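Colleague: After the structure tokens below, expect a handful of questions from me.
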Amino acid sequence: MNELKTLLTQVTENASEVEMSLLKEFLKGIQNKQQNAAPTYLNAIFHMDTQYEQDICVVTVPVTPLIHNSFHMPHGGVIATLTDNAMGFLVNKDLQPEGKGAVTTNMTIHYVKAATEKTLIATASYLHKGRQTLVLECTVTQPDGKKIAYATGSFFVIEPPSSSK
């Protein structure tokens with residue numbers, strides 16, 4: 001605990017306003033996960049919001065410096081993570097009643113425009129629902145409707161380990 005307190009003091013003494021804001025949001029994310037307000041630490045730290053509408057999953061993420069690349073735009077890997085989350089959450093929500101889950105086996109993403117707004121919206125839906133393999137598509141847009149990226153993903157149905165049930 002002393003090591004953490006020392007590190008926190010060192011970081012905050014030299015922190016810019018942006019870094020202080022990021023640290024605060026990071027800690028709020030961990031707190032949200034501790035309080036079960038987020039399904040994973042990744043979702044909690046990025047402040048992703050997940051909503052379901054019939055056979056669709058919509059995940060939004062605020063665009064903050066935490067997800068920026070060196071050009072101050074959302075990092076492509078974060079956008080890919082956003083699409084994988086939206087597709088994976090939809091599949092796993094639907095398999096949960098059966099006591100099963102699914103893992104990503106393949107994902108292809110195409111980036112079509114740089115993001116310019118403060119929120120990204122990933123909308124995932126099914127292309128194919130098999131017993132063992134599922135294929136989904138996901139589109140990432142901004143609130144103004146401009147498409148940022150689109151992806152497809154294949155998922156394989158598994159029996160989750162008993163410790164994750």
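Colleague: Please compute the net charge surrounding Gly76, taking Lys and Arg as +1 and Asp and Glu as -1 over other residues with Cβ under 15 Å from its Cβ.
Modeller: On the way: positive: Lys113, Lys147; negative: Asp84.
Local charge sum for Gly76: +1.
Colleague: Between beta-carbons, use under 10 Å as the cut-off and find the net charge around Glu117, counting Lys and Arg +1, Asp and Glu -1. Write down the numbers at each step before the final one.
Modeller: Numbers: positive: Lys118, Lys146; negative: Asp144.
Summing Lys/Arg as +1 and Asp/Glu as -1 gives +1.
Colleague: Three principal axis extents, largest first, for the C-alpha atoms of the chain, in Å?
Modeller: The Cα atoms of the chain stretch 55, 41, 24 Å along their principal axes.
Colleague: Expressed in nm to one decimal, what extension gain is obtained for the pair Ile56 and His72 from 0.36 nm per residue of sequence separation less their Cα-Cα distance?
Modeller: Values: separation 16, 0.36 × 16 = 5.76 nm, distance 3.01 nm.
Separation in residues times 0.36 nm, less the Cα-Cα distance, equals 2.7 nm.
Colleague: Pull up the cross-link candidates among the lysines for Lys118, meaning alpha carbon to alpha carbon under 22 Å and not fewer than 8 places away within one chain.
Modeller: Candidates past the 8-residue exclusion: Lys24, Lys28, Lys146, Lys147.
Colleague: Net charge near Ala37, counting Lys/Arg +1 and Asp/Glu -1 over other residues with Cβ under 12 Å of its Cβ?
Modeller: On the way: positive: Lys28, Lys33; negative: Asp49.
With Lys, Arg at +1 and Asp, Glu at -1, the neighbours total +1.
Colleague: Follow-up question, since we're still on this one. Considering only Met20, Met48, Met107, give the residue with the highest GNM mean-square fluctuation for the chain, with springs between Cα atoms whenever their separation is below 10 Å.
Modeller: Judging by the Gaussian network model, the answer is Met20.
Colleague: Related question: Using DSSP, restrict attention to beta bridges with both residues in the stretch 1-145 and report what percent are antiparallel, rounded to the nearest 5. Could the numbers behind the result be given before it?
Modeller: Details: 21 of 21 bridges.
Of those bridges, close to 100 percent are antiparallel.
Colleague: When only the heavy atoms of the protein chains count and the probe is 1.4 Å, how do Thr141, Thr105 rank by accessible area, highest first? Spell out each step's value before the answer.
Modeller: Values: Thr141 30, Thr105 85 Å².
The ranking, largest first, comes out as Thr105, Thr141.
Colleague: Relative to the longest principal Cα axis of the chain, at what angle does helix 76-95 sit, 0 to 90 degrees, rounded to 10?
Modeller: Computed tilt is about 50 degrees.
Colleague: Would you calculate, for the chain, the mean residue ellipticity at 222 nm contributed by helices, counting each DSSP H stretch of 4 or more residues as -39,500 (n - 2.57) and dividing by all residues, to the nearest 500?
Modeller: Details: 4 runs with 56 residues, N = 165.
Calculated mean residue ellipticity at 222 nm is -11000 deg cm²/dmol.
Colleague: Next question, about the same structure. Of Leu136, Leu120, Asn2, which is farthest along the charge dipole of the chain in the positive direction, counting Lys and Arg as +1 and Asp and Glu as -1 at C-beta?
Modeller: Going by the charge dipole, the pick is Leu136.
The values are calculated or read from the model by the stated rules, or taken from the named source; none is laboratory data. Given the structure is predicted, the values throughout are model-derived calculations rather than measurements. Because the Cβ atoms are built from the backbone with ideal geometry, glycine has one as well, and the counts that use them run over all protein chains shown. Accessible surface areas use protein heavy atoms only, side chains included; no ligands, DNA or RNA. Shrake-Rupley method; radii C 1.70, N 1.55, O 1.52, S 1.80 Å.
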